[in-house]
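Enquirer: Starting off with a structure, shown below.
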Amino acid sequence: MLTELSNDLANAVAAAAPSVVQVVGRRRPASGIVYNNDVALTMMSAIGREDGLQVRGGDGHAVGAELLGWDPATGLAVLRAPGLNGTPPIGVSTAPVRVGHIGIALGRSWSNAVTASAGVVAVIGGPLQTGPRRTIDHVLRTTAPMHDGFAGGAFLDAAGGLIGVITVRAIRGLGVIIPASIAWSAAASVIEHGRTRRGYLGVAGQSVSLPEHQRGGIGRKRGMLIFVVTPGSPASNAGMLVGDVLLALDGTPFESPEELLDLLMMTVAGRSARLQVLRGSTLIELNVSVGERPAS
């Protein structure tokens, strides 16, 4: 019986492996899943860039890829890679997923070799908050060990059908999986509406502690100190100065560049926004026309 189970799992991996690819960006190689014809899905945080992307199939042949867009809530990135035409899309499982079911994590290693691990579906639940005003309604968590390069890979049922997409997240040692239904819906939305236009201000800064006498009467202990304002950028046009401390965007507070980027991901390029700024010890507001973040 164990031999049969072992062979069944190996057969499931072999059947799905051609549809799992390697994605190369600025960071270490990640995995991806062939969604249809020349389109693959991966995790945006795993690739870390928007230009110079490559997708490598199981035969080792690499093709250039274009980022069509990405879904800020799930973090899924949609890539178009015309050279994938002969690679089969992965098959999605139609069986209901239950806690205790065996699951197989499938990805590509740094050398592009097929890599797999097995575990069980440990938790089914949600929602999971992924950032300010961003949640995934439903997630799975698994005991399957997650190795380097698994992010963006496939989480399969015992028959080789796709249950979901592997993320870079872990909660209490359990890998987090985006269900296939949510991943497919996010991919379809990105493809339908075109490239995601990410908000852009044109500043650089760092988190800074504010002395009590410089808190502008609002009690904020930290903010984002601006040390670069790009000439001609939306921030420059709005009157922002080096030395200003940014506190909030449209009423949502933040204190670090990472938190500002999270907010800008949810801010549509081209619309007006309010920036709460501490200039010296004076609290002011600037109206800015949010730009579109450059691709590189």
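Enquirer: Please go through the range 209-229 and give me each residue that is modelled with pLDDT of 90 or more and surrounded by fewer than 15 Cβ atoms within 10 Å (Cβ to Cβ), ordered by number.
Expert: Those that are modelled with pLDDT of 90 or more and surrounded by fewer than 15 Cβ atoms within 10 Å (Cβ to Cβ): S209, F227, V228.
Enquirer: Just name the residue that is farthest from G119 (Cα to Cα) out of those in the range 154-163 that are outside any strand (DSSP E or B) and of a type in the set (A, V, I, L, M, F, W, C).
Expert: To start, the set of residues in the range 154-163 that are outside any strand (DSSP E or B) comprises 157-161.
The next check asks that each one be of a type in the set (A, V, I, L, M, F, W, C); those that pass are 158-159.
Values: A158: 10, A159: 14 Å.
Checking each candidate, the answer is A159.
Enquirer: Here's another thing I want to ask about it. Report whether or not A170 is of a type in the set (A, V, I, L, M, F, W, C) and either modelled with pLDDT under 90 or in a helix (DSSP H, G or I) (or both). I'd like the intermediate steps shown before the answer.
Expert: Numbers: of a type in the set (A, V, I, L, M, F, W, C): yes; either modelled with pLDDT under 90 or in a helix (DSSP H, G or I) (or both): yes.
In short, yes.
Enquirer: Sticking with this structure for a sec: Taking the options D51, D71, D38, name whichever one is among the acidic types (D, E) and within 15 Å of the chain's Cα centre (by Cα). Write out each step before concluding.
Expert: Working: D51 fails: within 15 Å of the chain's Cα centre (by Cα); D38 fails: within 15 Å of the chain's Cα centre (by Cα).
Going through D51, D71, D38 in turn, just one is among the acidic types (D, E) and within 15 Å of the chain's Cα centre (by Cα): D71.
Yes/no matrix, rows are residues, columns are (1) closer than 21 Å to L67 by Cβ; (2) in a loop (DSSP other than H, G, I, E, B):
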residue: A118; (1), (2): no, no
residue: Q129; (1), (2): no, no
residue: T135; (1), (2): no, no
residue: R141; (1), (2): no, no
residue: G152; (1), (2): yes, yes
residue: V165; (1), (2): yes, no
residue: A187; (1), (2): yes, no
residue: V208; (1), (2): no, no
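Enquirer: Any residue in the range 237-263 that's polar (S, T, N, Q): show its pairings with residues that are crowded, with 16+ Cβ neighbours inside 10 Å at Cβ separation under 8 Å, as long as the two are six or more apart or on different chains.
Expert: These pairs meet every condition: N237/V288; T252/L263; S256/M224.
Enquirer: Oh, and also: Would you check which residues across the range 68-106 are at pLDDT 90 or above, under 18 Å from A151 (Cα atoms) and of a type in the set (S, T, Y) and list them?
Expert: If the condition is that a residue be at pLDDT 90 or above, under 18 Å from A151 (Cα atoms) and of a type in the set (S, T, Y), then no residue fits.
Enquirer: Collect the residues in the range 139-152 that are surrounded by 15 or more Cβ atoms within 10 Å (Cβ to Cβ) and over 18 Å from S45 (Cα atoms), keeping them in residue-number order.
Expert: Matches in the range 139-152: L140, R141, T142, T143, A144.
Enquirer: Could we say that V139 is β-branched (V, I, T) and within 22 Å of the chain's Cα centre (by Cα) here? Explain how you work it out, then say what you get.
Expert: On the way: β-branched (V, I, T): yes; within 22 Å of the chain's Cα centre (by Cα): yes.
Here the answer is yes, as V139 does meet what is asked.
Enquirer: Looking only at the range 263-287, filter to residues that are among the β-branched types (V, I, T) and out of contact with any strand residue (DSSP E or B) (no Cβ under 6 Å at 6 or more places or on another chain); which one of those is modelled with the highest pLDDT? Break it down into steps so the answer makes sense when it comes.
Expert: First pass over the range 263-287, keeping only residues among the β-branched types (V, I, T): 267-268, 277, 282, 284.
The next check asks that each one be out of contact with any strand residue (DSSP E or B) (no Cβ under 6 Å at 6 or more places or on another chain); those that pass are 268, 282.
Working: V268: 66, T282: 88.
The extreme case among them is T282.
Enquirer: Let me ask something else about it. (1) touching a Phe, Trp or Tyr at 6+ places or on another chain (Cβ under 9 Å); (2) closer than 30 Å to H61 by Cα; (3) modelled with pLDDT of 90 or more: which one isn't true of G149, the others all being true?
Expert: For G149, the failing item is (3).
Enquirer: Mind checking which residues of the range 110-152 are among the aliphatic types (A, V, I, L, M) and in contact (Cβ under 8 Å) with a residue 60 or more places away in the chain? Talk me through it step by step, then tell me what you get.
Expert: Our first condition is that a residue be among the aliphatic types (A, V, I, L, M); within the range 110-152, this holds for 113-114, 116, 118, 120-124, 128, 136, 139-140, 144, 146, 151.
Those that are among the aliphatic types (A, V, I, L, M) and in contact (Cβ under 8 Å) with a residue 60 or more places away in the chain: V114, A116, A118, I136, A151.
The values are calculated or read from the model by the stated rules, or taken from the named source; none is laboratory data. Model, not experiment: these values are computed from the prediction. In this analysis, Cβ positions are derived from the backbone assuming ideal geometry, glycine residues included, and neighbour counts consider all displayed protein chains.
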